[in-house]
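What follows is calculated from the coordinates using simple rules that are stated; it is not laboratory data. Nothing here was measured: the structure is a model prediction, and the numbers come from that model. So basically every Cβ, Gly included, is an ideal-geometry build from the backbone, and we count neighbours across all protein chains shown.
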Amino acid sequence: SISFEHTTSASRRGDIPCPDKSPLLKGPVGVNFEGAEKNDSNWPPTFEEIAAAYPTLENGGYYPGPNDCRTENTVAIIIPFRDREEHLRFFLYYIHGILQRQQARYRIFVVEQDDDQVFNKGQLMNTGFIYAHNDTRFHPKCFFFHDVDTVSEDDRTLYRCRGGNEVLHLSHRIDKFNYRFCCGMTVGGVIGMTNEQFQKLNGFSNAYYGWGAEDDDINARIVWIGRFSIYRPPDDYIRFKMIRHENDKKNPKNNERVALLNSWNKRQSKDGLNSLQSTITSVVEYPTHTRILVKPKPK
Ligand code: UD2
Ligand code: MN
């Protein structure tokens, strides 16, 4: 008789489920952006130093989960990106530590606009979602759409989707806004939802070229199309730091953003995942992250 070796990822990862509250959490992360704000040469760490700091990472910035328990929390972190390398190094240095202490099984996708046209964040994130959703290494159930320059100050802020009819807005307290939920903030920064929720919304609008309001647009989809509630964890330790930055040259204020936002409802059913025409020009798997190069459909 022939014996078959059944080694599924579950058995490799131990069959006991991970505890609901990870024993590895340490609370404050000690986020320090000094380098970026003072052009210090040896901070933030280089990509090589980050890879060396997290030796259990598998290529493409994939962490298969803890060795001694099986986690159900499968997370894809999707970052819209162009010409923010220093921010990315800060981000990767902190996020890998946070997610591993939270015992998540996750992968980091950096979706880089591969042209010098006006930035289109919505198309990048829609493209990143479709790519991550089809990932054959793991089937992420939870997707975070995450600014590269906004970093959690405490690892008790869980990157874990709530599912049901709640989406998760983590970055509602940011140092730039004196840690107050204020000034017209909706769901920008860091938002988490399941693939079912994101697909029900038809993703982000593809129509916003330049800075502004694409987060207000998806906020309207969340409220009126998804009929979801937006959960903002209330605990005091929920705090984020945003690296101080000037406006990016190729991401000018989008003069049509108010008009586009006013017509969000007319476009929603045919402007998003189901109408995306971006082009993936290449995918590169680095040790600390997967880089997806994308040309958005020009305006
Ligand atoms: C706010 C929102 C952000 C977005 C933006 C309006 C919060 C916390 N954040 O951030 O989610 O809605 O307003 O569009 O409310 N990026 C690049 N390269 C560029 C331009 C943008 O990588 O040239 C990426 C990067 O991940 C950045 C994100 O897009 O964090 C948002 O751009 P921003 O940081 O310039 O926008 P900001 O800080 O006004
Ligand atoms: Mn920013």
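Going residue by residue through region 71-78, is there one that turns out to be part of a loop (DSSP other than H, G, I, E, B) and among the hydroxyl-bearing types (Ser, Thr, Tyr)? Working first, answer last.
Here is the first cut: in region 71-78, the residues part of a loop (DSSP other than H, G, I, E, B) are 71-73.
Next, from what is left, pick out any that are among the hydroxyl-bearing types (Ser, Thr, Tyr): 71.
Yes, region 71-78 has at least one match.
Is at least one residue of region 251-263 closer than 21 Å to VAL118 by Cα, within 12 Å of ligand 1 (Cβ to nearest atom) and exposed (fewer than 15 other Cβ atoms within 10 Å of the Cβ)?
Yes - at least one qualifying residue is present in region 251-263.
Could you check region 107-150 and list, in sequence order, the residues that are basic (Lys, Arg) and within 16 Å of ligand 2 (Cβ to nearest atom)?
LYS121, the sole residue that qualifies.
Could you give every pair whose Cβ atoms fall below 8 Å, whose first residue belongs to region 179-205 and is at positive phi, and whose second residue is within 15 Å of ligand 1 (Cβ to nearest atom) and assigned to a strand (DSSP E or B), counting only separations of at least 6 or pairs across chains?
Matching pairs, first to second residue: GLY189/HIS146; GLY189/THR150; GLY189/HIS169; GLY189/ILE174; GLY189/PHE240; GLY189/MET242.
I want to confirm something. Restricting to region 266-275 and keeping residues that are surrounded by 13 or more Cβ atoms within 10 Å (Cβ to Cβ) and either more than 19 Å from the chain's Cα centre (by Cα) or under 30 Å from THR56 (Cβ atoms) (or both), which single residue is farthest from ligand 1 (Cβ to nearest atom)? Can you show your working first?
Initially, region 266-275 is screened for residues surrounded by 13 or more Cβ atoms within 10 Å (Cβ to Cβ), giving 267-268, 271-273, 275.
From what is left, the residues that are either more than 19 Å from the chain's Cα centre (by Cα) or under 30 Å from THR56 (Cβ atoms) (or both) are 267-268, 271, 275.
Values: ARG267: 17, GLN268: 18, ASP271: 17, SER275: 20 Å.
Among them, the one singled out is SER275.
Okay, residues lined up against (1) farther than 23 Å from PHE91 by Cα; (2) assigned to a helix (DSSP H, G or I):
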| position | (1), (2) |
| --- | --- |
| PHE198 | yes, yes |
| ALA207 | yes, no |
| ILE218 | yes, yes |
| ARG221 | yes, yes |
| ILE230 | yes, no |
| ASP236 | no, no |
| LYS241 | no, no |
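Any chance region 237-248 includes a residue that's over 30 Å from TYR54 (Cα atoms) and surrounded by 16 or more Cβ atoms within 10 Å (Cβ to Cβ)? Quick ask: steps written out before the conclusion?
At the first step, the residues of region 237-248 found to be over 30 Å from TYR54 (Cα atoms) are 246-248.
The next check asks that each one be surrounded by 16 or more Cβ atoms within 10 Å (Cβ to Cβ); those that pass are none.
Looking for residues that are over 30 Å from TYR54 (Cα atoms) and surrounded by 16 or more Cβ atoms within 10 Å (Cβ to Cβ), one finds none in region 237-248, hence no.
Give the residues of region 85-143 that are charged (D, E, K, R), within 16 Å of ligand 1 (Cβ to nearest atom) and farther than 30 Å from ASN255 by Cα, sorted by residue number.
ARG89
Within region 162-190, how many residues are out of contact with any helix residue (DSSP H, G or I) (no Cβ under 8 Å at 6 or more places or on another chain) and either within 20 Å of TYR63 (Cα to Cα) or assigned to a strand (DSSP E or B) (or both)?
Residues in region 162-190 being out of contact with any helix residue (DSSP H, G or I) (no Cβ under 8 Å at 6 or more places or on another chain) and either within 20 Å of TYR63 (Cα to Cα) or assigned to a strand (DSSP E or B) (or both): 5 in total.
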